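Single-structure report; data block below.
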Amino acid sequence: MAVIEEKGPANGNQDYTQDGTVDLKGRPVLRSKTGKWKACSFIVGYEVFERMAFYGIQSNLVLYLTRKLHEGTVTASNNVSNWVGAVWMMPLAGAFIADAYLGRYWTFVISSGIYVLGMALLTLAVSLQALRPPPCVDDHNCPHASSLQYGIFFLGLYIIAAGTGGTKPNISTMGADQFDDFEPKERSHKLSFFNWWFFSIFFGTLFANTFLIYIQDYVGWTIGYGLPTLGLAFSVLVFLVGTPYYRHKLPSGSPITRMLQVFVAATRKWKLHVSDDPKELHELSIEEYASNGRNRIDKSSSFSFLDKAAVKTGQTSPWMLCTVTQVEETKQMTKLIPIMLTTIVPSTLIVQTSTLFVKQGATLDRSMGPHFKIPPACLTAFVTLSMLITIVMYDRLFVPAIRRYTKNPRGITMLQRLGIGLVLHVTIMVTACFAERKRLSVAREKDLLEQKDAIPLTIFILLPQYALAGVADNFVEVAKMELFYDQAPEGMKSLGTSYFTTTLGIASFLSTFLLSTVADITKRNGHKGWVLDNLNVSHLDYYYAFMAILSFLNFLCFLVAAKFFVYNVDVTQNRLGLEVNPPSSQPQDKTGISPSTPQADAKS
């Protein structure tokens with residue numbers, strides 16, 4: 001395999017980055033003094049602690065709502081789903097603010113302060129006795145939380161959601177921005193960035209799913225929430241320390257507005273014919289784009305209706321006339337939507353691992369030796385562990401082995417990786433269905449049908465579904481993040497990243513809708529229902545079978561969407577190919593890239 005060497009300064013000039021990145025004052029930055037893994041270490045350091053804080057709250061939240069605020073199973077699960085949905089939907093607003101006004105750095109810093117405030121309020125809510133109802137007398141006599149108690153607790157939760165709106169879409173994008181696409185060595189490192197990004201942040205998740213959950217269950221909620229709050233505050237300081245080393249992309253205007261302008265202009269000119277002569281279409285010069293750190297994009301054949309937005313009619317309003325590049329950027333974001341929609345159903349599993357799976361575990365034998373019981377939410381640690389192991393094996397073993405045959409720098413394409421994960425999601429729901437059938441059969445055999453009856457079956461019967469969830473995350477979640485960032489145009493990277501978070505948000509709301517609807521429909525006409533507060537007389541196995549069928553149908557939809565998906569022509573690869581391998585040195589393919597270089601596969 002060819003060794004990629006880092007380019008030095010050309011013609012004795014300072015070795016500035018070529019991708020339009022600048023420092024906080026808007027000045028060009030030197031490649032040797034900024035970015036790369038050195039800058040990423042501070043960003044990843046923040047994310048480790050932030051994941052610890054977020055999952056320290058989310059993983060055990062359903063148990064706090066049922067045990068301390070005395071909510072029912074369906075209500076508590078739906079409250080968790082709705083909050084998680086808000087957490088993952090807010091990044092749309094954060095991406096808009098970052099791309100249009102403040103830039104990623106300042107949006108992130110301000111949002112981090114809001115995030116810490118929400119964590120502090122939530123810690124206060126679980127610490128003061130006046131902010132939670134008295135303990136239950138028995139199963140049928142549990143005082144409800146007052147409006148004030150509910151209000152303070154959920155205010156803290158949704159302040160956290162507002163804060164994450166500015167951190168989540170910008171922190172990972174800032175990390176990827178630290179690698180210059182026009183530098184071959186940095187570009188090769190960027191191909192592994194999202195693998196190691198997920199690997200690093202799951203250390204924080206693992207800590208939350210083991211140590212913090214144990215503290216919450218057996219020591220107290222005050223310390224269990226106070227520690228992640230302090231950890232989050234520390235992580236913000238870690239991020240700020242790395243400020244001198246960061247590379248920044250300048251705000252390029254609202255990508256959502258630019259997309260809407262294309263749709264409006266194309267609709268208003270729907271009767272016009274699009275000429276084959278490029279002179280009839282509106283476009284700026286390459287130099288004008290280069291001055292803003294963007295690339296000019298040539299006209300493509302996909303979504304040809306939108307080309308009408310660039311047809312010259314004498315009107316210059318941005319809502320009547322758009323550049324070809326603006327049209328193509330809109331096309332690139334639009335073509336991701338079908339893929340995005342097919343990743344929503346599998347993302348509902350992320351919610352279920354912290355709601356229904358946890359409630360299942362609470363009914364089982366959690367003993368590990370004579371003196372220790374594993375907290376039910378701790379099994380989510382096995383999602384993390386299996387994902388960590390899978391990511392290392394994927395990046396270090398699978399990719400090098402398979403790319404010898406595929407000649408693809410990533411080993412397999414992003415859509416192939418995503419497709420494998422979707423198949424695993426069907427397998428997970430089938431596995432969960434059989435595990436629940438076993439749990440219910442033991443409950444019936446032993447006549448343990450009361451809500452607080454413990455089933456004499458080890459909690460580790462749930463281990464396969466948790467472990468498979470981690471393996472599936474390596475394929476689905478990593479591929480989603482990489483695909484939406486990689487295929488988004490240069491000025492819309494934050495919006496591309498918010499596509500990833502949006503799928504998780506919609507999936508959370510979908511989980512609420514599905515669970516509520518199934519619970520309601522199956523209780524009609526005198527039936528007991530599939531999902532009750534008492535899981536020992538419920539039928540979660542039927543619900544999981546329903547989700548397996550839904551996941552399979554979703555996979556079929558993905559195959560259709562993937563068949564029609566066309567990867568972007570990578571303009572930075574074209575430029576690199578011409579610089580590293582001039583036309584006279586060796587044969588090239590039609591993109592101008594030498595077939596012998598790792599950059600040759602534009603369909604990565």
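Assorted remarks:
- Orphan Cys of the chain, criterion: no other Cys C-beta under 4.7 Å: 40, 322, 378, 433, 557
- Here is the size of the range 93-146 from its Cα atoms: Rg then Dmax, 19.0, 55 Å.
- A Förster distance of 60 Å, applied to the separation of the beta-carbon atoms of residue 188 and residue 128, puts the FRET efficiency at 0.70.
- For the pair residue 30 and residue 463, label points projected 7 Å from Cα toward Cβ lie 5.4 nm apart.
- Max-minus-min Cα coordinates of the range 168-322 on each principal axis give 71, 35, 25 Å, with the largest extent listed first.
- Using a probe of 1.4 angstrom and keeping all protein chains present, the accessible surface of the range 500-552 works out to 43 square angstrom per residue.
- For residue 373, distant residues with modelled amide H under 5 Å away: 368
- Accessible surface for the range 69-176, divided over its residues, is 36 Å² per residue with a 1.4 Å probe.
- Dipole of the range 423-497 [Lys/Arg +1, Asp/Glu -1 at C-beta], most positive-end residue of 478, 448, 428: 448
- Taking a straight line from the alpha carbon of residue 36, these lysines sit under 26 Å away, with near neighbours fewer than eight places off in the same chain left out: 7, 25, 168, 185, 190, 249, 407, 480, 493, 603.
- Split the accessible area of the range 467-573 by element, probe 1.4 Å, and carbon with sulfur accounts for 70%.
- Solvent exposure of the range 333-409 as accessible area per residue, Å², 1.4 Å probe: 39
- Portion, in percent, of the accessible area of the range 66-124 that falls on carbon or sulfur, probe 1.4 Å: 73
- Inter-site label distance for residue 445 and residue 93 at 7 Å from Cα along Cβ, in nm: 5.2
- Accessible carbon and sulfur surface of the range 410-456 relative to its total accessible area, %, 1.4 Å: 55
- Shape box of the range 120-233 [Cα atoms, principal axes, largest first, Å]: 66, 27, 25
- Within the range 203-312, chymotrypsin sites (Phe, Trp or Tyr not before Pro) in DSSP loop having at most 14 other beta-carbon neighbours inside 10 Å: 270
- Loop-resident sites, the range 426-512, for trypsin sites (Lys or Arg not before Pro), counting at most 16 other Cβ within 10 Å (DSSP): 446, 452
- Binned Cα-Cα distances of the range 467-553, short to long, each 10 Å bin given as a whole percent: 15, 33, 27, 17, 8, 1
- The translational diffusion coefficient of the chain, from Stokes-Einstein at 4 °C and 1.567 mPa s with a Kirkwood hydrodynamic radius over alpha carbon pairs, comes to 50 µm²/s.
- Among the GluC sites (Glu not before Pro) found in the range 442-496, those both in a DSSP coil and sparsely packed, with 15 or fewer other Cβ atoms within 10 Å of their Cβ, are 450.
The values are calculated or read from the model by the stated rules, or taken from the named source; none is laboratory data. Bear in mind the structure is a predicted one, so any value in this text is a computation, not a measurement. So basically every Cβ, Gly included, is an ideal-geometry build from the backbone, and we count neighbours across all protein chains shown. The area values use the complete protein model at the heavy-atom level, side chains included, leaving out ligands, DNA and RNA. Shrake-Rupley method; radii C 1.70, N 1.55, O 1.52, S 1.80 Å.
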